[in-house]
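Bear in mind that the values in this text are calculations on the coordinates, not laboratory data. Everything numeric here is computed off the predicted structure, so don't read it as measured data. Please note: Cβ atoms are built from the backbone with ideal geometry, for glycine as well, and neighbour counts cover all protein chains shown.
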């Protein structure tokens, strides 16, 4: 790290690439992964207070959006799995159904895997339509102790798997992690200024910040794990047929799409699969089909309580990997880990700009906060790999979001299926288009800076009617019902 910089180091909210790209279980980062993590945090609180061993009864209250779409998002199941001590990153997802079924039948759960307590999912998880003031995704864990006393703790799932506690306004900064980054960034203009001052691409600036948190070996290992999960989710989705759970009877489409596209190519692993796709000599019309297939496959896995990477959310998990896969199998057959690393570093940083300046929670900002942000992330990452300047990278991200502004979140039956799965494909195509437009533009003369579109997105989110914010109370969610399917 250089020591002769003219700018001053300052404290800033620390959002790592690994905060924006997290391994988790579907179908939703805010409604599944967040409550799962909240349950784990509550257990940690009880242990810290020395009251864990005294817990005799547990009750969970889910509020607002967590309640209105909780069944479709498996919020109750995720919360219970967290209470049982399972971790979404490492849990064998094949045992989820039998574990939940056992709890339903025996009316007992193994609290953190350590002690058995009486528990009924049907009566001890309560869905409350009331919205808590602090955030639409609120939940409260309550416990009765051996001495008859009661204890409770509330958490808020704010999108992307992030979970916070309520704070007084004058203490709100305590909600955020702070770190003296070598390149503190809150706005795109600051990121661009560092790139110019250091004569470095965005990925190198972001890498220096990451290196203040962990070694480069750890960064590489973490990004490799993220890509492995992304690739595996695409592979599983493309090789799994049938109908998605939940009652909408949505047929998996990526299986047949993939069969038609891959033809007679043979392969034995996800890595060999990439080579096989390259051998198909993709024609122009097939490009859109392949990208759509990649995106849809991830979100079909997500809809089935499969393991995906939040990018920045589970509902938008298919956009970023499908665009990276596009680069690997269509744009550059010689793509390496270093290319993937640069892509993820740029994508993660762009996502963090939206989280700092607006939101990545559909319950706060509609689907523009999920698909819109993921499309901007993918557009930026692709633009750098295609040789774009930092200005063009930020322009591509701006273009992608500009054409998602106002996108509502209206999942039918609260399931992350219709229209969510297709929207990932649309977001991926828009990301590629945004990158191509930016690369053909003089980005130094962009009419709409990225910071302005982030501000506009947040203003739009605040103006949006609440029924279009992941409540299933408006849009397609009220035009189409389970009975129609």
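Listed values, structure above:
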read-out	value
Relative contact order (%) - the stretch 94-231, alpha-carbon pairs under 8 angstrom, separation at least six	9
Förster radius 35 Å - calculated FRET efficiency between residue 54 and residue 106 (Cβ-Cβ, nearest 0.05)	0.95
The stretch 27-167 - percent relative contact order, Cα under 8 Å, separation 6 or more	37
Segments 271-283, 314-326 sorted - mean Cβ within 10 Å per residue, highest first	314-326, 271-283
Expected 222 nm ellipticity per residue - DSSP helices of 4 or more, -39500 (n - 2.57), all of the chain, to 500	-14500 deg cm²/dmol
FRET E, pair residue 422, residue 356, Förster distance 35 Å, beta-carbon r, rounded to 0.05	0.75
Considering only the chain, percent of DSSP beta bridges that pair antiparallel, nearest 5	85
Residues in the stretch 287-316 reached by a label modelled at residue 267 [backbone nitrogen below 14 Å; 7 Å Cα→Cβ]	290-291, 293-295, 297-298
For the chain: relative contact order, % (alpha-carbon pairs under 8 angstrom, 6 or more apart)	18
Residue 134 paired with residue 93, simple spin-label distance in nm, labels 7 Å along Cα-to-beta-carbon	3.0
Percent of beta bridges antiparallel (DSSP, the stretch 27-167, rounded to nearest 5)	85
Separation between Cα centres of the stretch 244-278 and the stretch 114-163, rounded to whole Å	39
Under 11 Å from the residue 166 label point (7 Å along Cα→beta-carbon), backbone N, the stretch 337-376	none
Whole-Å distance, taken between Cα centres, linking the stretch 349-373 and the stretch 432-485	9
5 Å binning of all Cα-Cα separations within the stretch 27-167, expressed as whole percents from 0 upward	2, 10, 22, 25, 21, 14, 5, 1
